[in-house]
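J.: Got a structure for you, written out below as structure tokens; questions coming shortly.
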Amino acid sequence: MTHDAVVIGAGPAGACIALALARQGRRVAIVEKAQFPRRKVCGEFISATNIALLDELDIGDAWRKEAGPEIRRIALFVGERCVTAAMPPAGNGGYGRALGRDILDGMFLDAARRAGAEVFQPYRATDIATDGNRSIVRIASRDRELRLCAPVVIAAHGSWEQGSLPSQLPKSARPSDLLGFKAHFVNSALPTDLMPLLVFPGGYGGMIMADHGRLSLSCCVRRDKLAEFRRLYGGVSAAEAVHRHILASCRGVRGALASASLDGRWLAAGPIRPGIRPCYADDIFRVGNSAGESHPIVAEGISMALQSAWLLASTLARFDAYDGTAREKSGRLYTAAWRRQFATRIHAAAAFATIALNPAGALAMGPLVALLPGILPLGAALSGKTRALPHLAPSS
């Protein structure tokens, strides 16, 4: 099967790049191993800087209809302290909102399919090989194997996916690894316009009101600290240990969840691998977490996924994808644009996470932010919540 581009992964980054390329008139295949709808370990917040992009892709109205309330305030919940400040608005004057991945991912993938992308689901990419001026991507389902041929291959499988593809990270386990956890709750007492950062011994997290009255709580916990929590709480499951630890550590969380009940089950994933990776290597383009990942403390994962996809689509629109030299040039230009857009927030997120994960730093955060609450909107701005995406519309 021959296409102009094969996209591996149908999360926000993969579906967005497939949608954008299909709207350019490209023949696009998108490969996704999971059935939808599915829930994911994700903070689910989309900054207002992405609203213009959602409108450009003709899914803005659908997103507005489904997403939760506007987030106009941010907060820090650490120990007994709860400090609140105003969320800085984006340049368009708008505010971000949250939408569960069980809804968002299907929304994007359906839009890509309507635009003409061919969807292979559930299929897993098993190998990428070079054949002259094109690549051969082997994919497999339970009972079938296929070969997809294209000059452009885009890795959008994230950083947690393990496997033998050149774009996948090697598997390792360290005591300092951050493991991600996520759950939805209903009937919470969290103000609908508030997004608090949670800092607790051994980790950090966040809460937000998402769609349909669901509170989304996501967090990262050090692997070695998680083992301590499980021993402390008598060998309960990892998710239950995390839940109990956060409740015991943060007064603000106890108040928000006092009358709430779990909606579905806790999810776990990881380890998280923050950092900047090659945006183009081995004749493979990378978007989303495959290209680079910030610490989730800044809640910019979906924004980076969507915006990196748009930057790549905008770059590829200017070149002949069947020309290997042109692909290399587009890879260099995309890499430079990616770094201009995201490097600052990745470095800022790393600094924030280092402070939050250090016991002395976490202890000092509460009094400092209480004394200088303006630190919160400053941190939000540094994390990219007011940084607009350059409007490089792909040609149609």
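J.: Give SER218, SER294, SER290, SER308 a once-over and let me know the one that is among the hydroxyl-bearing types (Ser, Thr, Tyr), crowded, with 23+ Cβ neighbours inside 10 Å and closer than 15 Å to PHE200 by Cα.
T.: Result of the check over SER218, SER294, SER290, SER308: SER218.
J.: Of the residues in the range 237-266, how many are in a strand (DSSP E or B) and either small (Gly, Ala, Ser) or farther than 13 Å from PHE185 by Cβ (or both)?
T.: 3
J.: Restricting attention to the range 88-104, and to residues there that are within 20 Å of the chain's Cα centre (by Cα) and part of a loop (DSSP other than H, G, I, E, B), which single residue is farthest from SER47 (Cα to Cα)?
T.: GLY100
J.: Within the range 326-384, which residues are crowded, with 17+ Cβ neighbours inside 10 Å, within 17 Å of the chain's Cα centre (by Cα) and closer than 24 Å to VAL83 by Cβ?
T.: Passing the criteria: ARG345, ALA348, ALA349, ALA353, ALA380, SER383, GLY384.
J.: A follow-up question, please. Give the residue that is surrounded by the most Cβ atoms within 10 Å (Cβ to Cβ), with candidates limited to residues of the range 92-130 that are among the charged types (D, E, K, R) and more than 19 Å from GLU161 (Cβ to Cβ).
T.: Per the criteria, the residue is ARG97.
J.: If you don't mind, another one. Scan the range 77-100 for residues that are over 16 Å from ILE208 (Cβ atoms) and basic (Lys, Arg) and report the count.
T.: 1
J.: A further question follows. Identify all residues within the range 218-239 that are within 27 Å of LEU104 (Cβ to Cβ) and either in contact (Cβ under 8 Å) with a residue 40 or more places away in the chain or of a type in the set (Asp, Glu) (or both); write none if there are none.
T.: SER218, CYS220, VAL221, ALA238, ALA239, listed by residue number.
J.: What's the number of the condition LEU109 fails, among (1) assigned to a loop (DSSP other than H, G, I, E, B); (2) within 21 Å of the chain's Cα centre (by Cα); (3) of a type outside the set (S, T, N, Q); (4) closer than 24 Å to GLY25 by Cβ?
T.: Unmet for LEU109, out of (1) assigned to a loop (DSSP other than H, G, I, E, B); (2) within 21 Å of the chain's Cα centre (by Cα); (3) of a type outside the set (S, T, N, Q); (4) closer than 24 Å to GLY25 by Cβ: (1).
J.: Right, another one. Specify which of the listed residues (SER261, SER303, SER237) is of a type in the set (Gly, Ala, Ser), on the phi < 0 side of the Ramachandran plot and surrounded by 23 or more Cβ atoms within 10 Å (Cβ to Cβ).
T.: SER303
J.: All but one of (1) over 30 Å from LEU215 (Cα atoms); (2) at pLDDT 95 or above; (3) surrounded by 15 or more Cβ atoms within 10 Å (Cβ to Cβ) hold for ARG134; which doesn't?
T.: (2)
J.: Let me ask something else about it. Every residue in the range 1-37 that is over 20 Å from SER290 (Cα atoms) and either in a loop (DSSP other than H, G, I, E, B) or touching a helix residue (DSSP H, G or I) at 6+ places or on another chain (Cβ under 7 Å) (or both), please.
T.: Passing the criteria: MET1, HIS3, ASP4, ALA22, GLN24, GLY25, ARG26, ARG27, GLN35, PHE36, PRO37.
J.: Of all residues in the range 61-80, how many are assigned to a helix (DSSP H, G or I) and out of contact with any helix residue (DSSP H, G or I) (no Cβ under 9 Å at 6 or more places or on another chain)?
T.: Selection size over the range 61-80: 1.
J.: Which one is nearest to PHE77 (Cα to Cα) among residues in the range 240-256 that are surrounded by 22 or more Cβ atoms within 10 Å (Cβ to Cβ) and in contact with a helix residue (DSSP H, G or I) (Cβ under 7 Å, 6 or more places away or on another chain)?
T.: Of everything passing the filter in the range 240-256, VAL253 is nearest to PHE77 (Cα to Cα).
The values are calculated or read from the model by the stated rules, or taken from the named source; none is laboratory data. These numbers come from a predicted model, not from an experiment. Glycine gets a Cβ as well: all are built from the backbone with ideal geometry, and neighbour counts include every protein chain shown.
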